[in-house]
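The values are calculated or read from the model by the stated rules, or taken from the named source; none is laboratory data. Note that this is a predicted model, so its numbers are computed, not measured. All Cβ positions, even for glycine, are placed from backbone atoms using ideal geometry, and neighbour counts span all protein chains on display. Just the protein is used for accessible areas: all its heavy atoms, side chains included, with ligands, DNA and RNA removed. Shrake-Rupley method; radii C 1.70, N 1.55, O 1.52, S 1.80 Å.
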Amino acid sequence: MKSNIIKYVDLSKQWKGEKKDLLKLFDKALSKGIYIGGKYLEDLERKIASFLKVKYVVTLNSGTDALTLGLHCLGLKKNDEIITPPNSFIASTSVISHLGLKPVFADVLEDQNIDPNEIKKKITKKTKAIMPVHLTGRVCNMIEIQKIAKKFNLKIIEDSAQAFGSKYANRFAGTFGDVGCFSTHPLKNFNSIGDGGFLVTNDKNIYKRAKILRNHGAKDRNVIDEFGYVSRLDVIQAIVLNYRLKKINQLISKRRSNALMYEKLLNEKIFIPREKKEEFNTYHTFVIQVEKRDNLKKYLLKNGVETAIHYPVPIHLQPSSKYLGYRKGNFPCAEKQSRKILTLPIHQFLKKNDLIRISKLINKFYKI
Ligand SMILES: Cc1ncc(COP(=O)(O)O)c(C=O)c1O
């Protein structure tokens, strides 16, 4: 039974296929004593910029740092309000809080992304920015969000941690706002072999400031413009990302075809937010919304299928958010989804038979 397990992710398989090439590349850099900075990072930044059709890229130590430095560069003041969804990974809200800003939540749509109409309801005199999160690799309705930002003179910082390569109306996630923030955590589609991330922008001032901030705020060796951070991507991660960028479109295609297969195989009573015509999703995760979610999860595991839940507790109900004063019932859609969502395996190493097996088990569980 053990060998029959369908893993939620399979990083060892990814490494196995790349090991020979990557070890050679690591050796080449490390033998020259290149560990941090230099040509490898500049090369990667140029290539990501060209891929996403954006002017500037600053590689960083994580997606969380991308959000932190991105927000820092927007020049906001203490207690300024940032509107963001409550169903994200904790990082999007925690960075707002760490910078002395105030997270203000707006509920989400049935596709799990922030609802532009709910954003409008949350705008006050103190609102200074919107932080949409492109959850699951689906881009939020950025056209509407841009309109709101323009009307109320708000900045946009996109949490694109889960959405590298995703598009809305033919434009890449992360390139609609003032700053786009990406994670290359090992579980992401475009992944490093440790922590990593980057921010993207078309604004030269944000670019220059972020580059300085990632290295203690040091303008040069002896001049510190403002207190900064330590958030340099190391050369090993840059080599991996440079290598994997060449194959990212192939990986995205495979995940998209897996998603299509699920949509065909799963009974239509299983709710899956389908891709809309203006969307191009990269399926960082493939999430279904079902009754008896916890029982289904156990049933799948008993039958050798690993799944996950992103995320079982909305951020406004986390103990860390208590000071914000939210209560159960404040965000009905996000709360309902937190009880129904289940993330199925979608990784690039799944075989057709795996998808058939998973879908059959789910249909059988609901006797449909
Ligand atoms: C939506 C979202 N935001 C932010 C992050 C933070 O990225 P990192 O783990 O690279 O710090 C993640 C990563 O898990 C994420 O999924």
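Listed values, structure above:
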{"quantity": "Per residue accessible area in Å² of segment 192-231, where ligands, DNA and RNA are left out and the probe is 1.4 Å", "calculated": "59 Å²"}
{"quantity": "Global geometry of the chain, whether rounded, prolate or oblate, following the gyration tensor of its Cα atoms and the 1.5 cut on a/c", "calculated": "oblate"}
{"quantity": "Cα gyration tensor shape for segment 233-339, rounded if a/c is under 1.5, else prolate or oblate", "calculated": "oblate"}
{"quantity": "Cα shape, segment 53-162, gyration tensor, a/c 1.5 rule", "calculated": "rounded"}
{"quantity": "For the chain, size of Cβ-based charge dipole, Lys and Arg +1, Asp and Glu -1, in debye", "calculated": "680 debye"}
{"quantity": "Options Phe105, Ser338, Leu301, ranked by Cα towards positive dipole end of the chain, top entry (Cβ charges)", "calculated": "Leu301"}
{"quantity": "Those GluC sites (Glu not before Pro) in segment 34-142 that DSSP places in a loop and that have at most 12 other beta carbons within 10 Å", "calculated": "Glu110"}
{"quantity": "Coil-residue GluC sites (Glu not before Pro) of segment 209-317, DSSP, other Cβ within 10 Å capped at 13", "calculated": "Glu226, Glu268, Glu291"}
{"quantity": "Charge context of Pro132, other residues only, Cβ under 9 angstrom, K/R +1, D/E -1", "calculated": "-2"}
{"quantity": "Antiparallel %, DSSP beta bridges [both residues in the chain], to 5", "calculated": "65 percent"}
{"quantity": "Dipole of segment 180-338, positive end: most advanced residue of Ser321, Asn215, Ile252 [Cβ charges, Cα centre]", "calculated": "Ile252"}
